[in-house]
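Below: the structure, in structure tokens.
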Amino acid sequence: MASRPPLSPPVNETEHSVSRITREGKKLTYKLTVMQQPERARACGAGAKSSADRRPVDPPPVVELRIFESDPSDDTLCTDITFAYNANFFLYATLDNARSMAQGRLAPAPTFPVLTGVPVAGVAYLDRPFPAGFFIFPDLSVRHEGLYRLSFHLYEETKESKDADEGAPIPSPMLKTNPLKPMTPKSFLEFRLEVVSVPFTVFSAKKFPGLTQSTHLSRIIAEQGCRVRIRRDVRMRRRGDKGSDDYDYDEDRMMSSRRDRYLSDHGK
């Protein structure tokens, strides 16, 4: 029996971009890049103790956002407006099975959500490792072992009327008939694009090899005030080891670094 050919990676694996035309006729291009891919995780299960004994996906996924503006008829004059563009962005993570199912078979519906933790991140505008917007996911866990991908869905909340989609209806003025009555929100979220990670493995507790040392990117992000826990003493798990943790955290040193940088910037 001939073996199946390996599945081709999705077209939006690691990097993806889309463009749209705004109400004032500008072309905006959104680009998402998975800067830090998930590599491994330990299944936390779905029992009563699953929340207390949960390990995050390692390393924490980091997705970069860049926004470019250009003339619809001339893409050669393209300007990076990531920091200047006035909008709110949210990235929502979901989990997909990376193994193909046999033809005619359906994956059983899980009793509990397979992905747990905090699946939504707001954008953080950072200067290092280079100026861009970044979404960080330090608290994602997976309940069951297997081979998975993370999918990241970008949503935008526009703040200015000129940045709405071309042809979008112009909202009518709100009539303040009763100041005590809540008003309908003037803004809403628009889905923009999706990017997916490379496949990563979720191990059972017995087979989990342990977490790796924090990456250079994680350290750079943590130094700029983002919530990323840094591991300084990695202890790879040994067979039969019943220790409660696989690593130590260096949060005190990171907090000291942030405090020193603050005092230096403010001349104190």
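Of all residues in segment 125-145, those satisfying the criterion of being surrounded by fewer than 20 Cβ atoms within 10 Å (Cβ to Cβ) and not hydrophobic (A, V, I, L, M, F, W, C) are TYR125, ASP127, ARG128, PRO129, PRO131, ASP139, HIS144, GLU145.
Of all residues in segment 195-226, exactly one satisfies the criterion of being among the aromatic types (Phe, Trp, Tyr) and touching a Pro at 6+ places or on another chain (Cβ under 6 Å), namely PHE200.
Got at least one residue in segment 121-137 being touching an Asp or Glu at 6+ places or on another chain (Cβ under 8 Å), touching a residue at least 60 places away in the same chain (Cβ under 8 Å) and of a type in the set (Asp, Glu)? No, segment 121-137 contains no residue that is touching an Asp or Glu at 6+ places or on another chain (Cβ under 8 Å), touching a residue at least 60 places away in the same chain (Cβ under 8 Å) and of a type in the set (Asp, Glu). Consider segment 52-95 and keep the residues that are exposed (fewer than 12 other Cβ atoms within 10 Å of the Cβ) and not in a strand (DSSP E or B). The one that is nearest to the chain's Cα centre (by Cα) is PHE83.
Consider segment 192-225 and keep the residues that are in a loop (DSSP other than H, G, I, E, B) and of a type in the set (Gly, Ala, Ser). The one that is nearest to the chain's Cα centre (by Cα) is SER197.
Looking at LEU106, LEU126, can you tell me which residue is at pLDDT below 95 and either among the aliphatic types (A, V, I, L, M) or on the phi > 0 side of the Ramachandran plot (or both)?
LEU106
Taken over segment 1-51, the residue count meeting the criterion of being more than 25 Å from PHE83 (Cα to Cα), assigned to a loop (DSSP other than H, G, I, E, B) and either small (Gly, Ala, Ser) or at pLDDT below 95 (or both) is 20.
The values are calculated or read from the model by the stated rules, or taken from the named source; none is laboratory data. Everything quoted here is computed from the prediction, not taken from an experiment. All Cβ positions, glycine included, derive from the backbone under ideal geometry; neighbour counts span all protein chains shown.
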